[in-house]
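The values are calculated or read from the model by the stated rules, or taken from the named source; none is laboratory data. Bear in mind the structure is a predicted one, so any value in this text is a computation, not a measurement. Virtual Cβ from ideal backbone geometry, glycine too; neighbours counted across all protein chains shown.
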Amino acid sequence: MSLVPNSSEGRPLLDGVLVLDLASVGPAVRASRWLADWGADVVKVGPVPKDAGLQIVPPAYAYSAHRNMRRILLDLKSEGGRGAFLRLASTADVVVESFRPGVIDRLGIGYQSLRTVNPGIVLCSTSGFGQTGPRAGWAGHDINYLAVGGYLHCSGRDERGGPALPGATVADSAGGGLHAVAAICAALVARTATGQGTHLDVSIAEGVLSLMSLAVDEYLADGTEPGPRHGLLTGRYAWYDLYQASDGGWLAVGAIEPQFFTNLCLGLSCDRWLDHQYDIDAIDGMRADFAAAFATRPRDEWVEVLGPADTCVTAVLDIPEVIADEQYRSRGSFTEVVHPTAGPIAQVAAPLAGQVDASTLPVYDQAAPCTDEVLAAAGLAPDELAVLRSEGAIA
């Protein structure tokens, strides 16, 4: 197992790490997606269908089409299926799951069962509110975790005056998925010293709370209650805001540092505000002048002038513009893979540092389980596999 890149061999960061993914949607699936992008061997463990015609297959674009993953089908409620999973877990490094708290124990594949067959196993349990506490059993989705973590309250307002919905699944992705990835990698590093695994309790709501630490810590420190347009990073000042150009396009301005603010004022011909960056009495007038200036030219003209001029001004891009953007294109941020049923499709490439080249990776999907191959590698003999299949424990 390698946790760091090997420059001489070009090995991926998580080369040799075997991950068993019991999740089907949400933060846990995002976590295994990123682990696979870093080079881990991710095996998705799905249920045995009672009727093959009733299987739910996600859209080809969902979760990057499970590229560079394998899939097996087990009936974890059967003795044979549970036994096969534990045999596989004995050879694995990580198990990722997102059942309700307590379910994995009732299935007989909880942490105590896993560590019996593999003391070094890392079990990552992702859930909305964590494995304990008064809300541990509650159902929820991204919007709920953003709500209870203070994110929605501190965000902008919609046309009703209420909190605006974000344009991305911030809780599932950052609060849950990346939270889980960081915890898993830390646990794997710790295991190299101790030889022991651990059970990680990843709460998505607590991940959001961590993302909100600037606002929360301010309140804890001096009692100041954050909200929309309260602070520097939530739109209090005119030089950290959004402005509309003459063609209806929008620009994002983040000129926090004094030199960037100076460049912005000069670029907009708003020199009279040069000495008033943090002047509370100047906020409304400065914002009105900035808005009037931006409204005189099209969005892309402003970007061409102000972008390279150290003003922290960028265009607000829609998705087609993001895909065509020269910066992303120059960085190889998109790739094409071959989906088993949809054929060639374009998608976002592995975006994280130390990435592997997604364009060279095969795509595995729910339509093509490789149960026998994976279980055979874990030591199950052909006759054992035949018996399990006859019992309906595997498919």
- Residue check: is residue 199 in contact with a Ser or Thr (Cβ under 8 Å, 6 or more places away or on another chain), assigned to a helix (DSSP H, G or I) and modelled with pLDDT of 95 or more? no
- Taking residue 157 and the conditions (1) touching a residue at least 24 places away in the same chain (Cβ under 8 Å); (2) within 21 Å of the chain's Cα centre (by Cα), which numbered condition does it fall short on, given that it satisfies the others? (2)
- Report the residue count in region 1-38 for those that are modelled with pLDDT under 90 and over 16 Å from the mean Cα position of the chain (by Cα). 13
- Query: Which members of region 84-111 meet the condition of being in contact (Cβ under 8 Å) with a residue 12 or more places away in the chain and outside any loop (DSSP other than H, G, I, E, B)?
  - Reply: 84, 85, 86, 87, 88, 89, 94, 95, 96, 97, 104, 111
- Query: Condition test on residue 167, is it closer than 30 Å to residue 24 by Cα and part of a loop (DSSP other than H, G, I, E, B)?
  - Reply: yes
- Task: Answer with yes or no whether residue 248 is exposed (fewer than 14 other Cβ atoms within 10 Å of the Cβ), under 25 Å from residue 155 (Cβ atoms) and either modelled with pLDDT of 95 or more or basic (Lys, Arg) (or both).
- Result: yes
- What helices (runs of 4 or more DSSP H), lying completely within region 267-360, carry at least 2 residues that are of a type outside the set (Ser, Thr, Tyr) and under 17 Å from residue 242 (Cα atoms)? 283-294, 299-306
